[in-house]
Each structure stands twice: as structure tokens, then as C-alpha cells.
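Read the figures in this text as sums done on the coordinates, not as results from a lab. All of these numbers come straight from a predicted model, not from anything done at the bench. Here the Cβ positions follow ideal geometry from the backbone for every residue, glycine too, while neighbour counts run over all protein chains shown.
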Amino acid sequence: MMIEEHAMDTLPPDHGFYRTVVRVANRLLSANRDLAEMQRDWAVTVVADDAHVNAYAMEGERLSKAHLLDLLMILPLAAIWAFLPNDGISVFAHWFFRQMVTLLGDLPHSRALETEADEVGLHLAARACFDVREASAFWAKMSMKKELAGEADVLDWLSTHPADASRREGIDQRIPELERVRALCRCHPMPERDPRAVVEEFRRMLLEQAAARPPHPKSVPLELPRAGSGG
């Protein structure tokens, strides 16, 4: 369904972006080929969509848990409609119940899956000898993009994803452990130049440039020429 929906925006296999994603995926698969979970047929699809920044792997765990949650909700929802005689009250109670389930169940579950994906992905990347600090630098770039655009980061508890700052903090806490994984895999040491520091320097430079930039001049109202002034 997703491939059909984005068929017009899907990049061909000979596109540079597509080749880059496949190269990274193959490196991850090759370095982790001893894991049973990796023993399956994988396919890569790259969609050119400037409006959205997203990446995901299709999986069944979330769908199965969502289906189980729907089954568990049947009895409470049936009780709402059975014991509330007024249809308007029942509709509101139904809506309120759904909102609370989303806030207290769906959203925390989605955030937990995203955090788990970060943890597993970083471990796979470390075994493939990637510089795992780049993951933290990536979320720093995402946060900087929002900051420069004047956008506020969405609060954790109102989103399906952890806030950018929370993701960076979680990744940074795991860097020492991931360095040990890389050492066990006999990877070359990570570069001395920390990509997180590079992003922070770039952020400071942009903020300094923005602060030094003169403010936009205020608009000057135009005066209509007076009659007979010849202007």
C-alpha cells in the first residue's frame, strides 16, 4: 500500500540517493548476518518527498499490539453505549475514552518502539563499524533546523516520537557501550573530530550571524501628494 501510494515519487535503482541507502543497508546486513533476525529478504524503497523526513522498516509487532488493544477496548466501549442512555453523552464518552487510550497507551507505546529502534539500530551500526556519534549529530541537525525555523520541539508525551533532545541524550549515554562493541568487532577507532562538535560549531555560527544581521527596516508609510502640489 505504501509503495502504491508513493509510486510517482519513488526513486529508480540507478539514482544516487537510492544507491547510497542500499550501500548502507548492505553494510549493516553484512556485518550482522549472524543474527537470525537479519535472515530474511529485504527490499529498499526511497521516496523523494521534500515535505516529510522519515525512515522506517515495515514490521508486524506494532500492528499486532494495536489489534490486541482494539480487542480489549470492545467491552469498555460496549459498556459506554449500554449504560449511557443519551446518544450525545455516549458519543462524547466514547471520544474521551479514545483520547485517553491514545494519550496513555498508543503514544507511549509508539515512543517506546522508537527508542527501541534507536537502541537496536545503534548496536547494528556499531557492529558495522559506523561512527555511532553521527546518530546524535543527526538529531542535533534536526533540532537545529526547527530552532532556525522558529519551531518548538513537540513535548514527548504528546508525540509518537521522543523529542529530538531526548533522543540525543539517550544516544550519547550509550556511546561508551557502543565503543566497546566496535572494539570487539575490531573496528578502526572513530575519528578524533567528533561530528557532534562540528554540528554545534555550525549552530553557533548560524546564531551569531543571525544576531549580527541588522533588523529589517520598519515600513515607512507613504503620503499622498496634496492637491495642486504638482507632485
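A few notes on this one:
- Length-normalised contact order for region 1-50 - Cα pairs under 8 Å, 6+ apart - percent: 51
- Residues D41, D49, D164, D14 arranged by fewest to most Cβ contacts within 10 Å: D41, D14, D49, D164
- With R₀ fixed at 45 Å, the C-beta to C-beta distance from R23 to R213 puts the FRET efficiency at about 0.70.
- A48 paired with E177, simple spin-label distance in nm, labels 7 Å along Cα-to-beta-carbon: 4.0
- Fewest neighbouring Cβ atoms within 10 Å first, the residues Y56, Y18 line up as Y56, Y18.
- Spin-label pair S166/E192, simplified geometry with 7 Å Cα→Cβ offset, distance in nm: 3.8
- Summing charges over all other residues whose Cβ lies under 14 Å from the Cβ of D49, with Lys and Arg as +1 and Asp and Glu as -1, gives -3.
- Peptides 113-125, 134-146, ordered by how many other C-beta atoms sit within 10 Å of their residues on average, highest first, read 134-146, 113-125.
- Here the Karplus relation 6.51 cos²θ - 1.76 cosθ + 1.60, evaluated at θ = phi - 60°, turns the backbone of region 199-211 into coupling constants of 5, 5, 4, 5, 4, 4, 4, 5, 5, 5, 5, 5, 6 Hz, with x for every Gly and Pro.
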